[in-house]
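Okay, so here's the structure we're looking at.
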Amino acid sequence: MRASCRIAAAVVTAVAADYSLRMAGATETNHYRVIERGGPGGRLVLRAVDGDRTNYLVVAGFRGGDWPEAISNLQVVARESAAAGSWRLSSDQGRFDFAAQAVDRVETRPALFEQLHRPFALTATDRIAVRLLLALLRLPGGARLLRSWHSRRGG
């Protein structure tokens, strides 16, 4: 048996990144709600919705007191004078000291990828064809029909 090395063709895509100075800082609507307490590994998850974006604050390994269900204008900083893994949350509701393994801020922007995914969206005709081909899949030769349709559509 002989091993071969194939060089794949280069893939070219549109740039789909949003670089702004605001991403690293606080969000515009800084009104978070607690959506999960005590999840896997003591996870605490807060969510803020602002138009087309959703911001999450995920605290892994949370050890601390109870937080209010709604928190506004929050700022989370690592406490330098305390032990490692010690954090302080400052908000309009007060200051809360807690311990955690990690604190992550995640910002989702689904509209950012809308144009990137548009060429792969199925038309109404394609959806009907897929339903028909999936129904024919259990018949002899159905898999071959589905593969040939897919290769003609993609190429």
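Please identify every one of the GluC sites (Glu not before Pro) in region 61-155 that sits in a loop by DSSP and has no more than 14 other beta carbons within 10 Å of its own beta carbon.
Working: sites: GLU69, GLU80, GLU107, GLU114; in loops: GLU69, GLU80.
Within region 61-155, the qualifying GluC sites (Glu not before Pro) (loop, at most 14 other Cβ atoms within 10 Å) are GLU69, GLU80.
Translational diffusion coefficient of region 95-152 at 20 °C, 1.002 mPa s, Stokes-Einstein with Kirkwood Rh over Cα pairs, in µm²/s as a whole number. Walk me through the numbers before you get to the answer.
Working: Rh = 15.7 Å.
Answer, rounded: 136 µm²/s.
Coordinate-derived values only; no laboratory data. Keep in mind that this is a model prediction, so the values were computed, not measured. Methodologically, a virtual Cβ is constructed for each residue, glycine included, from the backbone with ideal geometry; neighbour enumeration extends over all protein chains shown.
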